[in-house]
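Q: Quick one: this structure, given as structure tokens, is what I'll be asking you about.
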Amino acid sequence: MKTIRLLTIGNSFSENALTYLAQIAQSEGQVQFLVGRASLGGCSLEKHWNLSVYTAAHPEYKTYSLGKLSGDSTVQANLQEALAAEKWDMVTMQQVSHKSWRLDTFEPFLGQLVALAGSLAPQAEILLHQTWAYRSDSPFLPDNGLTQALMHERIGAAYRHYAEKYGCRILRSGEAINRARTAAGHQYLWPEPDCQYRFGTAPALPKQENSLAAGWYWAIRETPEGVPELRLDANHLNARGNYLAGCVWYETLTGLPTSDGTFAPDTLDPADAAFLRQIAHATVLG
């Protein structure tokens, strides 16, 4: 069986996309992935680059926990070591989500990371991972003069610009998320009628039907006094979103389509899983 060696230089959004990738590949049975994770939560291109500058002078500092790779022990590495840890077939890069809609935040750091990867892993194809706009109820959107549609539009424009500049393919997770969100009969509606967001009682939650984001949840242990507090994660993906992104990655990285026999999480209705695979396939085709 063919092994694809994949290094992600990313953050929690690359972790979202990787959630089901190995299981999808295993269910199809034609390729397997060896994945190295040079990822830190909330990490921007600028931070990845600055950390690499530091570790060039202080190689004893290990920035990332890559995973077990080809051995039995988890590999701790800085970026230089991560790029040389395996003969990677592909390396992915992405901007942190809250900056991804701003074209000016990518450089010069993306170019510097592309050059570093080209130097230390010259055999690897570099792909840019297009992230997604936040869910429509995210306070980030109005706070920054955005709508979900506008954030998506600007993210797409930024990734197309830099993909052309550096001759990279795009992992179009954000495009797939947008297509699923806007498909007839599959839109997430907010606010939900008769839902008392501020005055609900734990553990009851809004239905959040058709959501691809993690959404509303109850924080209990995490609150200062242990009093349940309804919180919102409109940024990261839920199981539906993770599955959709995983199918996009599988088809893009392998050149193979998913099928009716493709793994899907138990929490997904089979018809919904098929819908998400169709969206992924159409997105990868263009």
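Every number here is computed from the coordinates shown, using simple stated rules; none is lab data. This is a predicted model, so every value here is computed, not measured. Glycine gets a Cβ as well: all are built from the backbone with ideal geometry, and neighbour counts include every protein chain shown.
Q: Starting from 0.36 nm per residue, how many nanometres of slack lie between Asp72 and Lys47 once their C-alpha separation is accounted for? Walk me through the numbers on the way to the answer.
A: On the way: separation 25, 0.36 × 25 = 9.00 nm, distance 2.92 nm.
My answer for the length gained is 6.1 nm.
Q: Related question: Normalised by the number of residues in the chain, what is the relative contact order in percent for Cα pairs under 8 Å and 6+ residues apart? Each step should come with its number before you reach the end.
A: Details: 503 pairs, mean separation 52.0, N = 286.
Here the relative contact order equals 18 percent.
Q: List the residues whose amide H sits under 5 Å from the amide H of Thr63, counting only those 5 or more places along or on another chain, with H placed 1.01 Å from N in the peptide plane.
A: Ala77, Asn78, Leu79
Q: With N set to the residue count of the range 122-171, report its C-alpha Rg divided by 2.2 N^0.38 Å to two decimal places.
A: Working: Rg = 13.5 Å, N = 50, 2.2 N^0.38 = 9.7 Å.
Against the compact-globule rule of thumb, the ratio is 1.39.
Q: Mean shadow of the range 206-286, computed from the convex hull of its alpha carbons, in nm²?
A: 6.6 nm²
Q: For the range 13-168, I need the span (max minus min coordinate) of the C-alpha atoms along each principal axis, in Å, sorted largest to smallest.
A: The Cα atoms of the range 13-168 stretch 47, 43, 28 Å along the principal axes, largest first.
Q: Using a Förster radius of 41 Å, what is the FRET efficiency between Arg231 and Thr3 based on their Cβ-Cβ separation? Nearest 0.05, please. Write out the running numbers ahead of the final one.
A: Values: r = 40 Å, r/R0 = 0.97.
Computed FRET efficiency for Arg231 and Thr3: 0.55.
Q: Using the Karplus equation 6.51 cos²θ - 1.76 cosθ + 1.60 (θ = phi - 60°), what ³J(HN,Hα) coupling, rounded to whole Hz, does each residue of the range 109-121 give in order, writing x for Gly and Pro?
A: 5, 4, x, 5, 5, 4, 5, 5, 5, x, 6, 9, 9
Q: Applying a 10 Å radius around every beta-carbon, put 45-51, 241-247, 146-152, 162-168 in order of their mean neighbour count, most first.
A: 241-247, 45-51, 146-152, 162-168
Q: In whole angstrom, note down how far apart the Cα centers of the range 85-117 and the range 24-68 are.
A: 12 Å
Q: Relative contact order for the range 211-286 using alpha-carbon pairs under 8 Å, separation at least 6, rounded to a whole percent? Let's see the in-between values first.
A: Working: 86 pairs, mean separation 20.6, N = 76.
Rounded, it is 27 percent for the range 211-286.
Q: Related question: Given only helices, namely DSSP H runs of n ≥ 4 each adding -39500 (n - 2.57), what is the per-residue ellipticity at 222 nm of the chain, to the nearest 500 deg cm²/dmol?
A: Values: 10 runs with 111 residues, N = 286.
The helix contribution divided over the chain gives -12000 deg cm²/dmol.
Q: If you take the Cα atoms of the range 204-252, find Rg, then find the Kirkwood Rh from the mean of 1/r over all pairs, what is Rg/Rh?
A: Details: Rg = 14.1 Å, Rh = 12.3 Å.
A ratio of 1.14.
Q: Between His236, Leu127, Ala214, whose Cα lies farthest towards the positive end of the dipole of the chain when Lys and Arg beta carbons carry +1 and Asp and Glu beta carbons carry -1, centred on the Cα centre?
A: Selected residue: Leu127.
Q: Please report, in cubic angstrom per residue, the volume enclosed by the convex hull of the alpha-carbon atoms of the chain. Numbers along the way, then the final one.
A: Details: hull volume 44.3 nm³, N = 286.
In the chain, the Cα hull volume divided by residue count equals 155 Å³.
Q: Counting pairs of alpha carbon atoms under 8 Å apart in space and at least six apart in sequence, what relative contact order in percent does the range 56-160 give? Intermediate values should be presented prior to the final figure.
A: Details: 114 pairs, mean separation 26.2, N = 105.
Dividing the mean separation by the residue count of the range 56-160 yields 25 percent.
Q: Just how many pairs of Lys in the chain have C-alpha atoms closer than 22 Å, counting pairs that are eight or more places apart or on different chains? Display every interim value, and only then the final one.
A: Working: Lys2/Lys68; Lys2/Lys87; Lys47/Lys62; Lys47/Lys99; Lys47/Lys165; Lys62/Lys87; Lys68/Lys87; Lys99/Lys165.
Step by step, the pairs that qualify in the chain add up to 8.
Q: Something else about it: What is the pair-distance distribution P(r) of the range 225-270, computed from all Cα-Cα distances in 10 Å bins starting at 0, with each bin given as a whole percent?
A: Reading upward from the zero bin: 21, 38, 23, 11, 6, 0.
Q: So for the pair Ser259, Lys207, with labels modelled 7 Å out along Cα→Cβ, what separation do we get in nm?
A: The two pseudo-label positions are separated by 3.6 nm.
Q: Can you list the residues, at least 5 places off or on another chain, whose amide H is less than 5 Å from the amide H of Arg5, using H built in the peptide plane?
A: Amide H neighbours of Arg5, under 5 Å, 5+ apart: Leu34, Asp89, Met90.
Q: Given H placed 1.01 Å from N in the peptide plane, which residues other than close sequence neighbours of Ala214 have an amide H under 5 Å from its amide H?
A: Those lying under 5 Å, H to H, from Ala214 are Asn235, His236, Leu237, Asn238.
Q: Quick one: check the C-alpha center-to-center distance for the range 139-216 versus the range 236-286, whole angstrom.
A: With the range 139-216 and the range 236-286 each reduced to a Cα centre, they are spaced 17 Å.
Q: Bin width 10 Å, alpha-carbon pairs only: give the P(r) of the range 160-230 as whole percents, running from 0 to the bin holding the largest distance.
A: The distribution over the range 160-230 is 16, 31, 23, 18, 11, 1, given as percents.
Q: Sticking with this structure for a sec: Using only the alpha-carbon atoms, how far is helix 45-57 inclined from the longest principal axis of the chain? Give it as 0 to 90 degrees, nearest 10.
A: The helix 45-57 is inclined about 30 degrees to the chain.
Q: How compact is the range 9-50 by the rule of thumb for globular proteins, expressed as Cα Rg over 2.2 N^0.38 Å?
A: Details: Rg = 12.7 Å, N = 42, 2.2 N^0.38 = 9.1 Å.
The range 9-50 yields a ratio of 1.40.
Q: Suppose every K and R has +1 on its Cβ and every D and E has -1 on its Cβ; what is the size of the dipole of the chain about the Cα centre, in Debye to the nearest 20? If you can, show how the numbers build up before the last one.
A: Details: 23 positive and 28 negative charges, 92 e Å.
Using Cβ point charges on Lys, Arg, Asp and Glu, the chain gives about 440 debye.
Q: So what is log10(I(q)/I(0)) for the range 80-190 at q = 0.09, 0.23 1/Å, when the Debye sum runs over its Cα atoms only?
A: Log10 I(q)/I(0), no solvent term: -0.28, -1.21.
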